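What follows is a single structure, written as structure tokens, with notes after it.
The values are calculated or read from the model by the stated rules, or taken from the named source; none is laboratory data. None of the values given here were measured: they were computed from a predicted structure. Please note: Cβ atoms are built from the backbone with ideal geometry, for glycine as well, and neighbour counts cover all protein chains shown.
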Amino acid sequence: MFSGKKEIPEPQTDSQIRKRTRLKKLAVWLFIDLVVVVVVLTLLLYKPRRYDPADVNSFDHDPGQVSPYLTHELSPQFYNGTQRGEPFELVITQEGINEIVAGWGWPRMSEGAMLYAPAVLFVPGSVVLMGTVSVKGIEFVVTIVLEPKINKDGLSDLRVAEVKVGAMNITPLAKLIAKKMYAKRIGTVHVDTKAIEAKIAASLLNGEPFEPVFEVEKRKVRIEKITVDHKKLTARLVPAS
């Protein structure tokens, strides 16, 4: 027989209330963690619009061969300028530097990661290095922003201004790792610290400025100024003693 009286629920015990509270908190934290993971993955897998790696098939030489831009334009420009014994400007185009870099032979492996599809951009004040890194089949676009300059002491400083994986800024972490890698390299392998390659590596990895002096057939030149504009980099060089 139907009764108009409402059933009164049995009161919950303290343990039941605590259990339900813990489950609610757990559900909230799991949801927050899921959102964080999705956001992080979205940032890491982000592909910048300006990333446009050069197509090696579009060049007039095979991968692994010396770039025509390097042999026919850049090297003569540098050599002739040093032989005159006067100040001159060395202009490097964005298209030209990408032709050189694309011919270095890709992909390359390092510590279980594969690096390929490099791209170099010249933007006002900065040189942007980009490339794809594949780790266990997952691809990330890495961006490194350099701000090359000649400081007040006349030393070359290849400052790393920013490091990104996708859209995530990891600059402090990347610099810390780079310093440890540099210290480990110096401590375990003999490195000629006077070689220009070692000086460039020390500047990039350890923030050490260096004297930008080069020697060509017993003639020395110094980089006096570096200017980065849209799609070109200009270095002013002067005779050095």
(Q) Any residue in segment 63-85 that is farther than 20 Å from residue 99 by Cα and among the small types (Gly, Ala, Ser) sitting within a Cβ distance under 9 Å of a residue that is at pLDDT 90 or above and surrounded by 12 or more Cβ atoms within 10 Å (Cβ to Cβ)? List the pairs, counting only those 6 or more apart or interchain. (A) 81/87; 81/88; 81/89; 81/90; 81/221; 81/237; 85/239
Q. If only one of 33, 52 is exposed (fewer than 14 other Cβ atoms within 10 Å of the Cβ), under 24 Å from the mean Cα position of the chain (by Cα) and either at positive phi or of a type outside the set (Ser, Thr, Tyr) (or both), which one is it?
A. 52
Q) Of the residues in segment 185-218, how many are of a type outside the set (Lys, Arg), free of Cβ contacts under 8 Å to residues at least 40 places away in the same chain and in a helix (DSSP H, G or I)? A) 10
Q | Residue list for segment 176-222, restricted to those being surrounded by 15 or more Cβ atoms within 10 Å (Cβ to Cβ), among the small types (Gly, Ala, Ser) and under 19 Å from residue 163 (Cβ atoms) | A | 178, 201, 202, 203, 207
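Is it the case, given these coordinates, that residue 93 is surrounded by fewer than 19 Cβ atoms within 10 Å (Cβ to Cβ), among the polar types (S, T, N, Q) and in contact (Cβ under 8 Å) with a residue 12 or more places away in the chain?
In short, yes.
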Q) How many of the residues in segment 38-86 are modelled with pLDDT of 85 or more, within 13 Å of residue 166 (Cβ to Cβ) and not in a loop (DSSP other than H, G, I, E, B)? A) 3
